[in-house]
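The values are calculated or read from the model by the stated rules, or taken from the named source; none is laboratory data. Worth saying up front: this structure is predicted, and the values here are computed from it rather than measured. Methodologically, a virtual Cβ is constructed for each residue, glycine included, from the backbone with ideal geometry; neighbour enumeration extends over all protein chains shown. Accessible surface areas use protein heavy atoms only, side chains included; no ligands, DNA or RNA. Shrake-Rupley method; radii C 1.70, N 1.55, O 1.52, S 1.80 Å.
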Amino acid sequence: MLVISNSSARRRTLLAAAAGLVVAPWAAAGTAHAAAPKVYLDPGHGGTDPGAVANGLTEKALTLSIALQTRDILKASYSVDVRMSRTSDITRSLAYRTSDANAWGARIFVSIHINSGGGTGFESYRYPGTGSTLHSAVHSRVLSNMRTVGSVTDRGLKTANFHVLRETAMPAVLTENLFIDTVADANLLKRAAFITATARGHANGIAAYLGL
Ligand SMILES: [Zn+2]
């Protein structure tokens, strides 16, 4: 339905648009320049810090694979701006990761890790006292996507006073994607399909939170 305008210029434009002669300029202005949401992905560890190592696997390599695939899925599927704390095997301090995300003006921060210390399954963290919307969106989708490949225990949504959760100025979540030192979990982490499913879960959760 066209809204009647008192402006003859606007009326002429409306008539021209209706005739297919021009693209209505207000429509273009309303859609073409909306800023893409800024998503910060933080693959845990890297460089001189391997993270946990067991069963022939290294945490820093797994987190990088999951994060790179999460970025690629997001960029292929949505209009979104993605920045990462690292895209290769380099050392990044915890302070670098959070100050870089804060300086960039990230809308959300997602840190990706692999668990260790005995146990099995998936768990995730947010800072105590903060809202659970991002946390819940990511947790549920990572779990459901992991379960398309194998059996995964849900260890639940947890809170912790981690640097990357405390020092980030935006909603932040940290995922612990199975236990590297548990053979059954390690066998899943060795499967390319499981890594891709884990990345898809992160991407789907991020997209759901952002309403993409
Ligand atoms: Zn870690």
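Of everything in the stretch 87-97, what is within 15 Å of the ligand (Cβ to nearest atom) and hydroxyl-bearing (S, T, Y)? Give them in sequence order. So that I can check it myself, show each step before the final result.
Initially, the stretch 87-97 is screened for residues within 15 Å of the ligand (Cβ to nearest atom), giving 89, 91-94, 97.
T91, S93, listed by residue number.
Would you check if T159 is out of contact with any strand residue (DSSP E or B) (no Cβ under 8 Å at 6 or more places or on another chain) and more than 16 Å from the ligand (Cβ to nearest atom)? The answer is no for T159.
Residues that are more than 18 Å from the chain's Cα centre (by Cα) and either at pLDDT below 95 or among the hydrophobic types (A, V, I, L, M, F, W, C) (or both) within the stretch 75-93 comprise just one, I90. Among the residues making up the stretch 82-97, those that are within 20 Å of E59 (Cα to Cα) and not charged (D, E, K, R) are M84, S85, T87, S88, I90, T91, S93, L94, A95, Y96. Of all the criteria given as (1) touching a residue at least 60 places away in the same chain (Cβ under 8 Å); (2) surrounded by 14 or more Cβ atoms within 10 Å (Cβ to Cβ), the one not satisfied by L165 is (1).
From the list F109, F122, which one is within 16 Å of the ligand (Cβ to nearest atom) and within 19 Å of T182 (Cβ to Cβ)?
On the way: F109 fails: within 19 Å of T182 (Cβ to Cβ).
Answer to the selection: F122.
In the stretch 163-212, the residue that is nearest to L94 (Cα to Cα) out of those that are of a type in the set (V, I, T) and in a loop (DSSP other than H, G, I, E, B) is T168. If you check S99, S136 for being at pLDDT 95 or above, surrounded by 15 or more Cβ atoms within 10 Å (Cβ to Cβ) and among the small types (G, A, S), only one passes: S136.
Would it be correct to say that V142 is open to solvent by less than 10 Å² (accessible area, probe 1.4 Å), touching a helix residue (DSSP H, G or I) at 6+ places or on another chain (Cβ under 8 Å) and under 26 Å from P50 (Cβ atoms)? Criteria met by V142.
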